[in-house]
Amino acid sequence: MARRTLVEASSLFFFLLMADLACCKEILVGGKPSAWKIPSSPSDSLNKWAESLRFHVGDSLVWKYDGEKDSVLQVTREAYINCNTSNPAANYSNGDTKVKLERSGPFFFISGSKSNCVEGEKLHIVVMSSRGGHTGGFFTGSAPSPAPSPALLGAQAVPPATGSASSLTCRIWSLGLVGLGIVLL
């Protein structure tokens with residue numbers, strides 16, 4: 001009897017873990033650890049890379065860089081355009097930065113070094129309000145459809161009033177997996 005309870009608890013934990021992994025993904029900025037740097041050309045910019053991806057609420061961006069020499073600042077649109085490093089919304093300098101995308105709309109990131117930012121070390125992404133089919137895990141490749149055009153740089157997205165549809169979808173999917181696990185037991 002005790003063994004069966006342990007097996008049921010283990011199965012439930014496994015299903016919950018799998019459901020959580022399916023709800024979001026970690027995206028390595030630039031697709032490689034050395035991407036947070038001054039681009040060698042405009043075609044090598046992180047914005048060019050980001051145009052080929054779709055970002056969703058619940059995803060996380062991951063930066064790898066030398067925290068002694070650089071940092072990542074989350075800034076406003078105006079600070080992004082002007083490379084203004086003086087008043088960021090968030091400042092990351094540990095060399096292994098992870099930022100969870102908790103709302104839809106535009107996000108702007110620049111290097112903490114103003115000169116690096118002026119030379120192109122910055123990133124602008126747009127987070128979609130509805131979720132496509134993620135497989136979970138650590139993602140470094142390209143998504144099947146492109147992100148919105150950079151012309152949306154000035155567009156203002158309205159975040160959901162409470163929670164998000166994708167978060168709700170993930171939770172319903174998770175509950176479905178748990179239910180399936182219970183039925184199979």
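The values are calculated or read from the model by the stated rules, or taken from the named source; none is laboratory data. All values reported here derive from a predicted model rather than from experimental measurement. Positions of Cβ are generated from backbone atoms using ideal geometry, with glycine treated the same way; all protein chains shown enter the neighbour counts. Ligands, DNA and RNA are stripped out before the accessible areas are found, and what is left, the full protein with its side chains, is counted by its heavy atoms. Shrake-Rupley method; radii C 1.70, N 1.55, O 1.52, S 1.80 Å.
Side notes on the structure shown:
- Top-ranked residue in segment 49-77 [being outside any strand (DSSP E or B) and of a type in the set (F, W, Y); ranked as surrounded by the most Cβ atoms within 10 Å (Cβ to Cβ)]: Y65
- Per the listing K98, K37, the residue uniquely in a loop (DSSP other than H, G, I, E, B) and modelled with pLDDT of 95 or more is K37.
- Scanning segment 58-74 for residues that are under 10 Å from K100 (Cβ atoms) and among the hydroxyl-bearing types (S, T, Y) yields one hit, S60.
- Within segment 94-107, residues that are under 27 Å from S34 (Cβ atoms) reach partners that are open to solvent by 90 Å² or more (accessible area, probe 1.4 Å) and polar (S, T, N, Q) with beta carbons closer than 9 Å, at six or more positions or on different chains, in the pairs P106/Q156.
- C24 passes every criterion in (1) buried (at least 19 other Cβ atoms within 10 Å of the Cβ); (2) touching a Gly at 6+ places or on another chain (Cβ under 9 Å); (3) free of Cβ contacts under 8 Å to residues at least 24 places away in the same chain apart from (3).
- Residues in segment 30-48 that are open to solvent by less than 40 Å² (accessible area, probe 1.4 Å) and of a type outside the set (S, T, N, Q) were compared, and the one that is nearest to F108 (Cα to Cα) is L46.
- Matching residues in segment 108-126 - criterion: being touching a strand residue (DSSP E or B) at 6+ places or on another chain (Cβ under 7 Å) and either open to solvent by less than 10 Å² (accessible area, probe 1.4 Å) or in contact (Cβ under 8 Å) with a residue 40 or more places away in the chain (or both): F109, I110, S111, G112, C117, E121, K122, L123, H124, I125, V126
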